[in-house]
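Below is one structure; the comments refer to it alone.
The values are calculated or read from the model by the stated rules, or taken from the named source; none is laboratory data. Since we're looking at a predicted model, the values are computed, not measured. Positions of Cβ are generated from backbone atoms using ideal geometry, with glycine treated the same way; all protein chains shown enter the neighbour counts. Just so you know, the surface numbers come from the protein's heavy atoms only, side chains and all, with ligands and any DNA or RNA stripped out. Shrake-Rupley method; radii C 1.70, N 1.55, O 1.52, S 1.80 Å.
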Amino acid sequence: MMKSSIYYSLAVMGALSPAIASAQGTTISTRLNTYGEAGGLIDMPTAEVAPDAQLSTTVSHGASSTRTTLTFQILPRLSGSFRYVGIKGLIVPGYTLPTYYDRSFDLRYQLIKEGTYRPAVAVGLRDFIGTGLYGSEYIVATKSVGPSLRFSAGVGWGRLGSFNSFASSGTRPTGLLGAGGIPNYDRWFRGPMAAFGGVSYQATDRLSFKIEYSSDSYAQEAASGLVTRKSPWNFGVNYQVNKTMSVAAYALHGEEVGALVSFALNPKTPGVPGGTETAPQPVSVRAAGSAADLGWTVEPNSQANIRQTVAQSMSAEGLVLEGLDLQPTSAEAVVRNPRYDISAQAVGRAARVLSRTLPASVETVTVTQAVNGVPTSSVTFRRSDLEALEHAPATAILSRASFSDGSKAWRSINAVDGIYPRLSWGLSPFTKLSVFDPDNPVRFGFGARLKGQYHIAPGWLASGSLAMVLGGNITGIRRVRPPGLTVPVVRSDYGRYERTNKPKIEHLTLAKFGHPGPNLYSRITVGYLEPMYAGISGELLWKQPSNRLALGVEMNYVGKRNYDGMFGLQNYRVATGHVSAYYDLGNGFHTQLDVGRYLAGDYGATLSLDREFANGWRIGAYATKTNISSTAFGEGSFDKGIRISVPLSWAFGSPTKVRSNTVIQPLTRDGGSRLNVNDRLYDTVRSTHQSQMINSWGKFWR
Amino acid sequence: MRYLRSLIIALGMGGALAIAGCGSIDTGMPSIQSLPKLLKKPAPAVLADEGAIAAEALARTPLPSTLVVIEGRKTTTTVLLIEQNGIYETWASSDRRTITLVNGMITATRGLGQDIMSSETGASRELLAARRGGVVQRTQRYLDGENQTVELVADCQITRGGTFKVAAGEISTSAVLMQERCSAEDTQFANEYSVDSRGRVVQSRQWLGPRNGYITLKRLRF
């Protein structure tokens, strides 16, 4: 059934993945061109695709341009790219800095897969949002001939139709829609069209050569005196250094040379599949006939002694027993899981501990996960099933497990002694990166962060974080919003919060989490909620353990904090909040719609779409449109961005709940800005719920 | 109009600058306490003295023991029988890695990386116990990069070889060498088992998977 898929994962774990996976089918290429797109040519696109889910970063330099591109193979046949380019000396009306910087987004879809005689065909849009420096559209076909040769030919519009055009489809508009940042759909596939093409040759596993005929006239670069385009022919050689890194060198336009380095990784391929963490305690099988013995129920102190034994065994697995409800034939353990990012693994280990520690008469075993002191999900097993299915495939025990929302535990189970109150803390270094500032496109900072959490009672959490920048140039951000905009300044001055080298309070809050009814979760947070805002935030979430849909409402009243990151507030106050719908689309795709009032007092909605992997990786994009007009919003017209969340367990091969979250927001403006508050309910609750646990259920017995 | 805004990315990972953290909150970084261990270069692999390791393990405990050699990692250690669930015996090393055996055949591992999560080995097991050759199918299950269960189904030919003297620890007996040659699509592996006159696997060399390669087990005490 899943027999073939292991070869894929084994192959990528083992040797260098083959550069050309198959001559037919999806026409996969691990090569990346100067635009960071999958494909064996140089500037020109092909109909090739990257392996599904590949995430790559490409930096290419040539003809005074430096392009940095992040590309994600969103689906096996759909890819998206985000690019940041700096062109030294490009003359652009109204632009005064020595280097012109621009961002661009691309999409490419492979319409037709390659067949024995039929080529693969793809359609693509380059720089389809915004100023359109690279704005172009193309239809391209690629055909493999043998295992090493690939021929591509296509027709391009816009920049790709600028050299030696043979026909024209209407007039291509040049004006911007809105204030930029809006898809330039009025330009697509319009204007002069030209033909391009090329050949790539895979000489060895690591080395490949390419020749292309370019239909890009480099008109704007040539007009600025940056490029002398003597020839439409470009030549290149590409060398795969290792599984992740490749380099390439080019001869361009008969005049220039260029170089490229790229890094590619795949969320589906962790360092060590299955992880390297130590073994669980095995299930202990009860002796035949022992289940009838209820003698323990009348022994003095037996409850307390058993609770202590269970707690000790749980702690050997990195789990914390918060409560234990022990009845003659059933037991429910409330467990906090600070270690395992995959909840099924935490529940599996807890269940095995219970099989080893509970009296033999207990047949029904429930493991309830608690998050921030609130039980969020219960899984109930027959102990005989745990005993019988320990060495069977994980699906066997899954079919015997039953899931519920954990609200029974919230009402009836008392905390284990000594669990509350509890103080935890951490001191660690941090780095910050600031990009897209034209004064200095990459700024960084490093420093130290002290975090503390005081768990006062179940559901009550006091939390704080103090950070101090010790070095780097991130404190040098001086750019402010261009004058003439009337929207309140709510985010665009974030740089001013970075200017200090003194310790700053990142957050300092008191939160109360609750489970007010079946499938209902609540949160109230007061204090310094985030680096820029303080106030009160309340949230209510309705989520059933197995329903794809969840609904939430959040209301906040906040004031803007002083730039020094200490206790003071500025005059700006705002009530902001959203009604949210979360939906699991299946196949790893999740979407969220938030409708409400944003920090600048603007009303609107945010739509987001993420691809989530069962190992915890999330890659997605979002867009927010509010009642602020694109003119009032300024450049970009509306807020949008890309977000990437990486579980560190993926990189390190051992369980940890820590993730690295990155949001790439090409423009930080004031319209459509949201409050950042910690411990929003949906993300904290759902990892413990049935639908998420089933995705990674293979880890139950790991 | 064209002035671009910058952006702060707070990289939780901390990139190359992340050195170490301390405290009781999981920061995802190695703790200060573990730094000396991480920074120390691994000692050059020396050929372990199996006899000394076996003797030391037997002196330490009266429990059944088995010597384990993972060739690819140049690791030699001993495992003790810690739990029995029906026919499945779980053996553990002192650093909390476990191997599950059914009459000496590996059906699962934990903590070795790319672990065998479970197996179907019934037909092989019966032939080995009877010291007879034959053709069998066996299944090993692993987790892939997304924690999904993937199966490796192998067709195997078991053949009976000669009789040899085998000795390790407290065990010294004559055993028949049984070979199990398996192929699963483009993967081939060959396991060897020394089976004593009572049908017990005394020593073996078994394939764990592409990452871990072969493991050798030598029973030191029944």
Requested in this report: Rounded to the nearest 0.05, what FRET efficiency do A:Leu551 and A:Arg206 give with R0 = 51 Å and r taken as the Cβ-Cβ distance? Could you check?
Outcome: 0.45
Query - Reduced Cα scattering model of the range A:222-353, Debye log10 I(q)/I(0), q = 0.10, 0.15, 0.19, 0.20 Å⁻¹ - result: -0.58, -0.88, -1.13, -1.19
Query - Estimated inter-spin distance, A:Met245 and A:Ser654, nm [label 7 Å along Cα→Cβ] - result: 2.6 nm
Query raised in the report: Residues of A:422-429, mean number of Cβ from any other protein chain within 10 Å of their own Cβ, rounded to a whole number?
Result: 6
**Report entry** Kirkwood Rh, angstrom, the range A:576-663 [1 / mean 1/r, Cα pairs]
**Finding:** 14.6 Å
Query - Rg over Rh [alpha-carbon atoms, Kirkwood Rh] for the range A:178-259 - result: 1.08
**Report entry** For the range A:593-642, alpha-carbon Rg and Dmax in angstrom
**Finding:** 13.2, 42
**Report entry** Estimated translational D of the range A:254-312 in µm²/s (Stokes, Kirkwood radius over Cα pairs; 20 °C; 1.002 mPa s)
**Finding:** 115 µm²/s
Query raised in the report: Given the rule -39500 (n - 2.57) for each run of at least 4 DSSP H residues, summed and divided by the residues of the protein assembly as shown, what is its mean residue ellipticity at 222 nm, to the nearest 500 deg cm²/dmol?
Result: -3000 deg cm²/dmol
Requested in this report: Given the peptides A:185-192, A:587-594, arrange them by the average over their residues of other C-beta atoms within 10 Å, most packed first.
Outcome: A:185-192, A:587-594
Report summary line: Computed curve, the range B:99-222, Cα-only Debye sum without solvent term, log₁₀ I(q)/I(0) at 0.10, 0.17 Å⁻¹, is -0.30, -0.83
Report task. For the range A:471-555, give the magnitude of the charge dipole about the Cα centre (Cβ charges: +1 Lys/Arg, -1 Asp/Glu; no others), in debye to the nearest 20. Result -> 260 debye
Query raised in the report: On full extension of the chain, what length is gained from A:Trp542 through A:Thr99, given 0.36 nm per residue of separation minus the C-alpha to C-alpha distance?
Result: 154.4 nm
Requested in this report: Please work out the Cα center distance from the range B:90-169 to the range A:626-702, rounded to the nearest Å.
Outcome: 42 Å
Query raised in the report: Here are some pairs, A:Lys543/A:Lys657; A:Lys657/A:Lys699; A:Lys210/A:Lys230; A:Lys432/A:Lys543; which of them have Cα atoms lying more than 24 Å apart in this structure?
Result: A:Lys432/A:Lys543
Requested in this report: Counting only heavy atoms of the protein chains, get the accessible area per residue of the protein assembly as shown (1.4 Å probe) and round it to a whole Å² value.
Outcome: 40 Å²
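Work out the length of the dipole vector of the range B:81-222 about its Cα centre, built from +1 on the beta-carbon of each Lys and Arg and -1 on the beta-carbon of each Asp and Glu, and round it to the nearest 20 debye.
In debye, rounded to 20, the range B:81-222 gives about 700.
Rounded to the nearest whole Å³, what is the per residue volume of the convex hull around the Cα atoms of the range A:129-227?
About 134 Å³ per residue, rounded to a whole number.
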Requested in this report: Count, for each residue of B:86-95, the Cβ atoms from other chains sitting within 10 Å of its Cβ, then give me the mean as a whole number.
Outcome: 3
Query raised in the report: If you take the beta carbon distance between A:Ser302 and A:Glu387 as r and set R0 to 25 Å, what does 1/(1 + (r/R0)^6) give as a FRET efficiency, to the nearest 0.05?
Result: 0.65
Query - Exposure ranking of A:Ile74, B:Ile82 by accessible area [1.4 Å probe, largest first] - result: B:Ile82, A:Ile74
Report summary line: Mean separation of Cα contacts under 8 Å (at least 6 apart) over the residue count of the range A:478-576, i.e. the relative contact order in percent, is 20 percent
Report summary line: Taking the protein assembly as shown and a Cβ-Cβ threshold of 4.7 Å, the cysteines left without a partner are B:Cys22
Report task. Evaluate 2.2 N^0.38 Å with N set to the residue count of the range A:554-702, then give the Cα radius of gyration divided by it. Result -> 1.20
Report summary line: Expressed in nanometres to one decimal, the distance between label points 7 Å along Cα→Cβ at A:Ala396 and A:Thr591 is 4.0 nm
Report summary line: Output ordering of A:349-362, A:658-671 (per-residue mean of other Cβ within 10 Å, highest first) is A:349-362, A:658-671
Query - Estimated buried accessible area (total), pair B and A, 1.4 Å, Å² to nearest 100 - result: 6900 Å²
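Provide the FRET efficiency to the nearest 0.05 for the B:Phe164-B:Arg60 pair, computing r from the beta carbons and using R0 = 30 Å. Working shown, then result.
Working: r = 29 Å, r/R0 = 0.96.
Result of the calculation: an efficiency of 0.55.
Over chain A, what is the relative contact order in percent, taking alpha-carbon pairs closer than 8 angstrom and at least six residues apart?
Values: 1795 pairs, mean separation 62.0, N = 702.
Across chain A, relative contact order equals 9 percent.
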Query raised in the report: Put a dot 7 Å past each Cα toward the Cβ at A:Thr364 and B:Ala52; how far apart are the dots in nm?
Result: 5.8 nm
Query raised in the report: With helices defined as uninterrupted DSSP H runs, which ones in chain A have an alpha carbon span along their own long axis of at least 20 Å and mean Kyte-Doolittle hydropathy of at least -0.5?
Result: A:302-316, A:343-357
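Note the full-extension length gain between A:Val526 and A:Ala575 as 0.36 nm times their separation in residues minus their Cα-Cα distance, in nm to one decimal.
Gain in length upon complete extension: 16.2 nm.
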Query raised in the report: What lysines could a cross-link reach from B:Lys218, if we take a straight Cα to Cα line under 20 Å and drop same-chain neighbours fewer than 8 places away?
Result: B:Lys74, B:Lys165
Query raised in the report: For A:Lys88, which aspartates and glutamates qualify as cross-link partners when the Cα separation must be under 16 Å and same-chain residues fewer than eight apart are set aside?
Result: A:Asp102, A:Glu221, A:Glu256, A:Asp437, A:Asp439
Report task. Figure the gain on full extension for A:Ser330 and A:Ser315 (residue separation times 0.36 nm, minus the Cα-Cα span) and round it to one decimal in nm. Result -> 3.2 nm
Report summary line: For the protein assembly as shown, the convex hull over Cα atoms projects on average to an area in nm² of 40.6 nm²
Requested in this report: Take peptide A:436-444, look around each residue's Cβ out to 10 angstrom, count Cβ atoms belonging to other protein chains, and average those counts.
Outcome: 3
